[in-house]
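J.: Let me give you the structure first, and then I'll get to my questions.
The values are calculated or read from the model by the stated rules, or taken from the named source; none is laboratory data. Computed from a predicted structure; not experimentally measured. Counting neighbours? That spans all protein chains shown, and the Cβs are built from the backbone with ideal geometry, glycine included. The protein model used for the area step is the full one, side chains on, heavy atoms only, and it has no ligands, DNA or RNA in it. Shrake-Rupley method; radii C 1.70, N 1.55, O 1.52, S 1.80 Å.
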Amino acid sequence: MTEAPIERLGPAETRGVAERIAEAFRHLDVTRWLVPDEAKREAVLADNFEILVDHAMRHGIVHGTADRSAVAVWFPQAGEPAPPPVDYDARLAAACGEWTPRFQHLDELFEANHPHADHHHLAFLAVEARLQGRGLGSALLRHHHAVLDAEGVPGYLEASSERSRDLYARHGYRAAEPFRLPDGSAFHPMWRDPRG
């Protein structure tokens, strides 16, 4: 397969990136727990992800394929972490409504399990559902890993399914003990050392 062209995305594409992630993630066990109402899930997820993608546009790195069918959202974590998103609590409540406590619980889990060493955090890797399994996510990973390897920087992520855990393992990530949501849905924290 020919490698998909990868582009760095700017703030004007924030909503589109958030919607791509929501569409790709809407059937995961973890998002079923976050928003049990299937009719509302994708819209709530997109509103929530928009907060984080907007933050990444300011403090991180957002890549996409030329047609935006696949996107990756990275946060460099060196020394002091980036400040939290502006007005995060109010924006989270506006986005998530009655399910806000579930998203707050998830934030607390992520914070409790996040490593402190310098690294780049892959917050989201999402591929349009109909195109999954065609190598687009791998292309995005290889693109950013080339930078991490050149700079000697590790990568970290939380895989939200066994399928994604296995994908990341093929790219050099090692899984630690999973942490779980109250319904038992697992996140797999994974770390990748740079390749020299």
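J.: Just a yes or no: is a residue in the range 63-85 polar (S, T, N, Q), at negative phi and either touching a Phe, Trp or Tyr at 6+ places or on another chain (Cβ under 6 Å) or modelled with pLDDT under 95 (or both)?
T.: Among the residues of the range 63-85, at least one is polar (S, T, N, Q), at negative phi and either touching a Phe, Trp or Tyr at 6+ places or on another chain (Cβ under 6 Å) or modelled with pLDDT under 95 (or both), which makes the answer yes.
J.: Considering only the range 159-174, state which residues are touching a helix residue (DSSP H, G or I) at 6+ places or on another chain (Cβ under 6 Å) and either in contact (Cβ under 8 Å) with a residue 40 or more places away in the chain or within 18 Å of residue 106 (Cβ to Cβ) (or both).
T.: Hits for the range 159-174 are 159, 160.
J.: Moving on to the next point. Which one is nearest to residue 10 (Cα to Cα) among residues in the range 80-92 that are among the acidic types (Asp, Glu) and not in a helix (DSSP H, G or I)?
T.: 87
J.: Being within 17 Å of residue 76 (Cβ to Cβ) and crowded, with 20+ Cβ neighbours inside 10 Å, is that true of even one residue in the range 100-120?
T.: Among the residues of the range 100-120, at least one is within 17 Å of residue 76 (Cβ to Cβ) and crowded, with 20+ Cβ neighbours inside 10 Å, which makes the answer yes.
J.: On to the next question. Taking the residues in the range 48-61 that are closer than 18 Å to residue 158 by Cβ and in contact with a helix residue (DSSP H, G or I) (Cβ under 6 Å, 6 or more places away or on another chain) as candidates, determine which candidate is surrounded by the most Cβ atoms within 10 Å (Cβ to Cβ).
T.: 53
J.: Considering each of 95, 72 in turn, give the residue that is aliphatic (A, V, I, L, M), open to solvent by less than 30 Å² (accessible area, probe 1.4 Å) and farther than 28 Å from residue 177 by Cβ.
T.: 95
J.: With the range 1-79 as the region, which strands (runs of 3 or more DSSP E) entirely inside it contain at least 3 residues that are in contact with a His (Cβ under 8 Å, 6 or more places away or on another chain)?
T.: In the range 1-79, the matching strands (runs of 3 or more DSSP E) lie at 6-8, 70-77.
J.: Among 87, 29, which is in contact (Cβ under 8 Å) with a residue 60 or more places away in the chain and open to solvent by 60 Å² or more (accessible area, probe 1.4 Å)?
T.: Matching residue, one of 87, 29: 29.
J.: Does residue 126 satisfy the condition of being crowded, with 20+ Cβ neighbours inside 10 Å, among the small types (Gly, Ala, Ser) and within 15 Å of residue 49 (Cβ to Cβ)?
T.: Judged against the criteria, residue 126 is a match.
J.: Restricting attention to the range 27-43, does a residue exist that is more than 12 Å from the chain's Cα centre (by Cα) and more than 19 Å from residue 103 (Cα to Cα)?
T.: Within the range 27-43, not a single residue is more than 12 Å from the chain's Cα centre (by Cα) and more than 19 Å from residue 103 (Cα to Cα).
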